[in-house]
1. Take the conditions over 18 Å from Ala116 (Cβ atoms) and within 13 Å of the chain's Cα centre (by Cα) and apply them to Leu61. Does it pass?
2. Need the failing condition index for Ser6 against (1) modelled with pLDDT under 85; (2) surrounded by 12 or more Cβ atoms within 10 Å (Cβ to Cβ); (3) part of a loop (DSSP other than H, G, I, E, B); (4) among the small types (Gly, Ala, Ser), just the number.
3. If a residue must be among the hydrophobic types (A, V, I, L, M, F, W, C), in contact (Cβ under 8 Å) with a residue 12 or more places away in the chain and within 14 Å of Gly55 (Cα to Cα), how many such residues does the range 3-19 contain?
4. When both residues are 6+ apart or on different chains and their Cβ atoms are under 8 Å apart, which pairs have a first residue that lies in the range 35-59 and is farther than 25 Å from Leu110 by Cα, and a second that is small (Gly, Ala, Ser) and surrounded by 14 or more Cβ atoms within 10 Å (Cβ to Cβ)?
5. Do we find a residue being modelled with pLDDT of 90 or more, under 19 Å from the mean Cα position of the chain (by Cα) and in a loop (DSSP other than H, G, I, E, B) anywhere in the range 40-56?
6. Looking at this structure, is Leu61 among the hydrophobic types (A, V, I, L, M, F, W, C), surrounded by 12 or more Cβ atoms within 10 Å (Cβ to Cβ) and not in a loop (DSSP other than H, G, I, E, B)?
7. Considering only the range 63-77, I want to know if a residue exists there that is among the aliphatic types (A, V, I, L, M) and closer than 19 Å to Val111 by Cβ.
Amino acid sequence: MSLFASFSEPGLWLVVAFVAAIVLLVARHYVPSPWRAWLAPAYWFFIPYLALLVGAVSPRLMGLYWIDWRTTFQVGAGLLLVIGLLALLAWLFVLPRAEAGAKVGWSVRLVWIGLAGTEEWFWCFLRAALWEIMWPAPQSGAAPLYLRADRWI
């Protein structure tokens, strides 16, 4: 139970995230219409950010520390190029038929990209918090790559 005892423990932040999700689901009907669109991104961004600030989750487990940036950039740039080309093809050939008169501009598409990034930030937080909770638990041989970071990475 010590994993849920203070703000510097990851279990408490998982409980905070769960309770905040329930509160937001109930409260979204009472929030003024222009603010409703900002509830989920604020939830996805601020809970992991605050947990990271108080030290409840490890930046390494969230993917922010001990990264080989050159290799990561090389792989990421290639993947970005391929995904960008696929998105361009989808935008040229698939979306005009699907939208059928609805005009979706660049600003809306940029907001969608921002929302996807914010949601991924939240998923990184969930993964890191769960690993922080499971780290002191007795290890099994099921996932040997996560046993000791200094030996396998």
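The values are calculated or read from the model by the stated rules, or taken from the named source; none is laboratory data. Not measured: the values here are computed from a predicted model. Ideal geometry is used to build each Cβ from the backbone, glycine not excepted, and the neighbour counts take in all protein chains shown.
1. So Leu61 fits the description; yes.
2. Unmet for Ser6, out of (1) modelled with pLDDT under 85; (2) surrounded by 12 or more Cβ atoms within 10 Å (Cβ to Cβ); (3) part of a loop (DSSP other than H, G, I, E, B); (4) among the small types (Gly, Ala, Ser): (2).
3. Keep residues of the range 3-19 that are among the hydrophobic types (A, V, I, L, M, F, W, C), which gives 3-5, 7, 12-19.
Still in the list and also in contact (Cβ under 8 Å) with a residue 12 or more places away in the chain: 3, 7, 12-14, 16-17.
Those left that are additionally within 14 Å of Gly55 (Cα to Cα): 3, 7, 12-14.
Summing the residues that are among the hydrophobic types (A, V, I, L, M, F, W, C), in contact (Cβ under 8 Å) with a residue 12 or more places away in the chain and within 14 Å of Gly55 (Cα to Cα) in the range 3-19 gives 5.
4. Close Cβ pairs satisfying both conditions: Ala51/Ala129; Ala56/Ala129; Val57/Ala51; Val57/Ala128; Val57/Ala129; Ser58/Ala128.
5. yes
6. On the way: among the hydrophobic types (A, V, I, L, M, F, W, C): yes; surrounded by 12 or more Cβ atoms within 10 Å (Cβ to Cβ): yes; not in a loop (DSSP other than H, G, I, E, B): no.
The answer is no for Leu61.
7. Start the filter on the range 63-77 by keeping residues that are among the aliphatic types (A, V, I, L, M), which leaves 64, 67, 75, 77.
Within this subset, residues satisfying the condition of being closer than 19 Å to Val111 by Cβ are none.
Within the range 63-77, none of the residues are among the aliphatic types (A, V, I, L, M) and closer than 19 Å to Val111 by Cβ.
Each row is one residue, and each column tells you yes or no for (1) surrounded by 13 or more Cβ atoms within 10 Å (Cβ to Cβ); (2) among the hydrophobic types (A, V, I, L, M, F, W, C).
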| site | (1), (2) |
| --- | --- |
| Pro10 | yes, no |
| Trp13 | yes, yes |
| Trp38 | no, yes |
| Thr72 | no, no |
| Gly76 | no, no |
